[in-house]
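The values are calculated or read from the model by the stated rules, or taken from the named source; none is laboratory data. This structure is a prediction, so every number in the text was calculated from the model and none was measured. A quick note on method: Cβ atoms are made from the backbone with ideal geometry, for glycine too, and the neighbour counts reach across all protein chains shown. All accessible areas refer to the heavy atoms of the entire protein, side chains included, with ligands and DNA or RNA removed. Shrake-Rupley method; radii C 1.70, N 1.55, O 1.52, S 1.80 Å.
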Amino acid sequence: MPRAPLPTSLLTLSLPPVRRAVATLAVTAAMGAHGAFDASTFMRSATQAAQRGEFSLARSYLNTLAPYWNLNDEARSFAYLLRGETFANEQLWVSARKDFARALEFDPDSDAARTALGRIYLYGRGIESDAVLAMSFLAPAAENGSTQAAFHIGYAHLQGIGVEADVDEARRWLLQAAAAEDDAAKASAMAHLATSYRTPFTEPTDTDRAIEWYDRAIALGNAQAMVAKAALLRSNEVPTRQPKAAIALLEDAVGRDSDDARVALGYLYLTGSDLPKDPARAAELIRAAAARGHAPAALQWGHLLQHGIGTQADLDAAMAAYRRAATAGLVPAMHRLGHLLLGTKEANAHRQGLEWLTLAAHNDTADALNQLAWVLATHKSDAVRDGERAVTLARRAVALTRNASYLDTLAAAQAEAGEFDAAVRSQREALALAAEEVDGSDTDLIEELESHLRAYRRSKPWRE
């Protein structure tokens, strides 16, 4: 099962209402009778602007308010915390982290600041992930009753992010998070509690408990739970699949403006699964989600544009969509964008394509290493190829997963590096494994691998 996304409702823009009122009162008390400006009004205006998504406007107030000499420490901490959240919502993580640290400096008891810093270090936002440091912030906040901190600890244990996966520990913290005063945060915790009773988190699964928690989250209007329950009802996890109920949930979630639901429903129309096949309707749904900044939708929209499915083919627009998804960190989008750029005739595009494939390979997965190694070994451009580097990457891929495809890449890399005897040996092994993997039925694959072998025997590298 794919990792459940982090609920954006937990990346809050302000403190809870009571705490916010206290901070505002603290500003008023700190002003003095003849303050240079109305600090309370600035604080209120900044908070309202941030809640409307007008982050630059919010910062224009906070840039003046945060360093104001006559604030007390509690109010100054709140100002830095709020400014940090405006940066975080625009993924300006370095600036966000600095402001969260300042917020904690001025109010060492601020659980909101601890939680904000903890999530940055836990998920590696703008910095290397550091679970130990993250927990040093999150654990005290959660022990003090912070439901947001409890959620992040529970999510980390559920997914094994920086800590050992432990479903019982995850549920303990998610149950605390489910007691949040805010309905959106409460529902998000409930949705993840439901997920904890499903494959691969629990064996055997408990679909009744999962549906119970999904329904509680749905009752609070949580569209994420609707999408997840729809997937459950269409899966083999339930005794009887319920596609009509699943589709109704997705349509309801689309009505609640869920981009996850748009993508899920679009996929059903695209594939004709439990719905009449309708590529145009699929493209409409996926395009709408992509236009709102949904990274997985941008990846899918790029695919539709690249191949002209449900919409007119447009390679430039496809690359733009892939670039948005790749910038958001989606490795498949990095691969697709990289290969498209390398398929052009422009040297600058080749350089950019290589950069994207290199970035994808930083994930150290066998597939990403293999794809980069193949390009470095076989690309037509002399400026792109690098045999020695290709050999290093291909060996790492083979060490992770030894199969015919990755050995084929290793042989191509060795040939590009001039190691033709080694290339012949690797290619023979690739052929032997391919015969086992496809039972000799895929004659086209066998012939392709044999053509590579013939080239290496003649001391000729392979070119795509």
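Listing for the model above:
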{"item": "Zone residues, segment 277-294, relative to Ala320, backbone N less than 19 Å from point 7 Å out along Cα-to-Cβ", "result": "283-294"}
{"item": "Summed residue charge, Cβ within 15 Å of Ile127's Cβ, Lys/Arg positive, Asp/Glu negative", "result": "+1"}
{"item": "Nearest-ten-degree value, helix 131-143 long axis tilted from longest Cα axis of the chain", "result": "30"}
{"item": "Percent accessible area from carbon and sulfur atoms, segment 139-254, protein chains only, probe 1.4 Å", "result": "48"}
{"item": "Signed unit charges on C-beta, dipole axis of the chain, positive-most listed residue Ala112, Ala142, Ala210", "result": "Ala112"}
{"item": "Rg(Cα) / (2.2 N^0.38 Å) computed for the chain, rounded to two decimals", "result": "1.16"}
{"item": "Relative contact order for segment 308-395, counting Cα pairs under 8 Å that sit 6 or more residues apart, in percent", "result": "17"}
{"item": "Given charges at beta-carbon only (K, R positive; D, E negative), |dipole| of segment 49-166 in Debye", "result": "440"}
{"item": "Per-residue SASA entry for Phe420, accessible area with 1.4 Å probe, Å² rounded to 10", "result": "40"}
{"item": "Dipole-positive endmost among Pro276, Ala261, Leu304 within segment 184-308 (Cβ charges, Cα centre)", "result": "Leu304"}
{"item": "Accessible area per residue, Å², the chain with all protein chains present, probe 1.4 Å", "result": "46"}
{"item": "Asp166-Glu203 FRET efficiency (beta carbon distance; Förster radius 22 Å; 0.05 resolution)", "result": "0.95"}
{"item": "Ordering of 193-202, 404-413, 248-257 by packing [mean C-beta count within 10 Å, highest first]", "result": "404-413, 193-202, 248-257"}
{"item": "Angle in degrees between helix 347-361 and the longest Cα principal axis of the chain, rounded to the nearest 10", "result": "70"}
{"item": "Relative contact order of the chain, defined on C-alpha pairs under 8 angstrom at six or more residues apart (%)", "result": "5"}
{"item": "Low-density loop cleavage sites - trypsin sites (Lys or Arg not before Pro) in segment 311-371, where at most 14 other Cβ are within 10 Å (DSSP)", "result": "Lys345"}
{"item": "Centre separation in Å (Cα based) which lies between segment 412-433 and segment 370-387", "result": "15"}
{"item": "Fraction of accessible area attributable to carbon and sulfur, segment 256-321 (%, probe 1.4 Å)", "result": "48"}
{"item": "Cα-centre dipole for the chain with unit charges at Cβ (Lys and Arg positive, Asp and Glu negative), debye to 20", "result": "900"}
{"item": "Extended-chain gain in nm, criterion 0.36 nm per residue less alpha-carbon gap, Ala399 and Val94", "result": "106.2 nm"}
